[in-house]
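Here is the structure we will look at.
The values are calculated or read from the model by the stated rules, or taken from the named source; none is laboratory data. Just so it is clear, the model here is predicted, and its values are computed rather than measured. Please note: Cβ atoms are built from the backbone with ideal geometry, for glycine as well, and neighbour counts cover all protein chains shown.
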């Protein structure tokens, strides 16, 4: 398996126009992702995780910044070049119903990318069927479902179709946007183990977006914590859980359920109002909710710096 850098994001920004002003959905995000590794991205709803993934794939065009995939700045790619690049860059969407075409069967959904990218001819129905069945088996879908439609399946099976579709082209990078949130806990474990096995066998690289901190610890090499569009902390998974530096990360980790009714866990209860992501003023965007806020947290942007080897944080403490 190849090693080295696969994806590099530099000062990426995505702003949306609203009647009230510019909404800073992703604001100055930078990171590097190596081949065969997993970067977990965590944070509350609305922190910009999903937007970040979509901008990397150019489903949304960025406002500013650079995206390098295999050393090439894909923001300079035209339509045809991006079509080729998407053989190697795929996404598993969060909503398993909205992301599937209700007029296409399971087989048609999974094989659509194979036809578009020219891996199979539309006349090779037997080849397409065989490949579809292989992918269905990989994600735990029964072959008898091959001619069913999305509305005939439950949410878990729909999400498995989305995962199979993403795997169809054997991509190098898969953006996983809450890929197991619609599945039962027991099925989640099966899918997560499957994704790890596929990564070990085929060398996939994952950008794994999730709310579930237990999942992200289990899967990730590094974890990036976002808050209102900005990076607040990034570190190797084990180190982040052992020594979180940012008060927001500390609060997130304190909220993880512990399956022991006698365990006395000191939780950080966040109070205060969210800072508006529309035309935000300089300063820490977590300041209004931070239990350790002080004068140095406002009036200036807080630099995202390396506090120890491989451990970055944007905090004045």
Seminar exercise, completed: Here the residues within the range 152-183 that are touching a helix residue (DSSP H, G or I) at 6+ places or on another chain (Cβ under 8 Å) and closer than 16 Å to residue 89 by Cα are 163, 164, 165, 167, 168, 169, 170, 174, 175, 176, 177, 179
For this session: Might you let me know whether the range 270-283 holds any residue that is within 26 Å of the chain's Cα centre (by Cα), under 25 Å from residue 216 (Cα atoms) and either in a helix (DSSP H, G or I) or modelled with pLDDT of 90 or more (or both)?
Result: no
Problem set entry | Which numbered condition residue 11 misses (of (1) modelled with pLDDT under 95; (2) exposed (fewer than 14 other Cβ atoms within 10 Å of the Cβ); (3) not in a loop (DSSP other than H, G, I, E, B)) | (1)
Problem set entry | Single residue of 224, 198, 169 found to be closer than 26 Å to residue 55 by Cα and part of a strand (DSSP E or B) | 224
Exercise. Restricting the range 44-103 to residues that are loosely packed, with under 15 Cβ neighbours inside 10 Å, over 25 Å from residue 155 (Cβ atoms) and in contact with a helix residue (DSSP H, G or I) (Cβ under 9 Å, 6 or more places away or on another chain), which is modelled with the lowest pLDDT?
Worked result: 83
Seminar exercise, completed: When (1) modelled with pLDDT of 90 or more; (2) assigned to a loop (DSSP other than H, G, I, E, B); (3) touching a helix residue (DSSP H, G or I) at 6+ places or on another chain (Cβ under 6 Å) are applied to residue 233, the one that fails is (2)
For this session: Mind listing whichever residues of the range 285-303 are crowded, with 17+ Cβ neighbours inside 10 Å, touching a strand residue (DSSP E or B) at 6+ places or on another chain (Cβ under 8 Å) and farther than 11 Å from residue 246 by Cα?
Result: 285, 287, 297, 302
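For the range 172-195, give me each residue that is within 21 Å of residue 114 (Cβ to Cβ) and either without any contact (Cβ under 8 Å) to a residue 60 or more places away in the chain or not in a loop (DSSP other than H, G, I, E, B) (or both). I'd like the intermediate steps shown before the answer.
Of the residues in the range 172-195, the ones within 21 Å of residue 114 (Cβ to Cβ) are 172-176, 179, 194-195.
Of everything in the range 172-195, those that are within 21 Å of residue 114 (Cβ to Cβ) and either without any contact (Cβ under 8 Å) to a residue 60 or more places away in the chain or not in a loop (DSSP other than H, G, I, E, B) (or both) turn out to be 173, 174, 175, 176, 194, 195.
Among the listed residues 114, 213, 167, 135, which satisfies the condition of being within 30 Å of residue 74 (Cα to Cα), surrounded by 15 or more Cβ atoms within 10 Å (Cβ to Cβ) and under 17 Å from the mean Cα position of the chain (by Cα)?
On the way: 114 fails: under 17 Å from the mean Cα position of the chain (by Cα); 213 fails: within 30 Å of residue 74 (Cα to Cα); 135 fails: under 17 Å from the mean Cα position of the chain (by Cα).
None of the others qualify; the one that does is 167.
Hey, which of the helices (runs of 4 or more DSSP H) in the range 44-139, taking only ones fully inside, have at least 3 residues that are more than 27 Å from residue 183 (Cα to Cα) and out of contact with any strand residue (DSSP E or B) (no Cβ under 9 Å at 6 or more places or on another chain)?
Values: elements: 49-56, 79-85, 106-116, 125-138.
Once the helices (runs of 4 or more DSSP H) in the range 44-139 are filtered for at least 3 residues that are more than 27 Å from residue 183 (Cα to Cα) and out of contact with any strand residue (DSSP E or B) (no Cβ under 9 Å at 6 or more places or on another chain), what remains is 79-85, 125-138.
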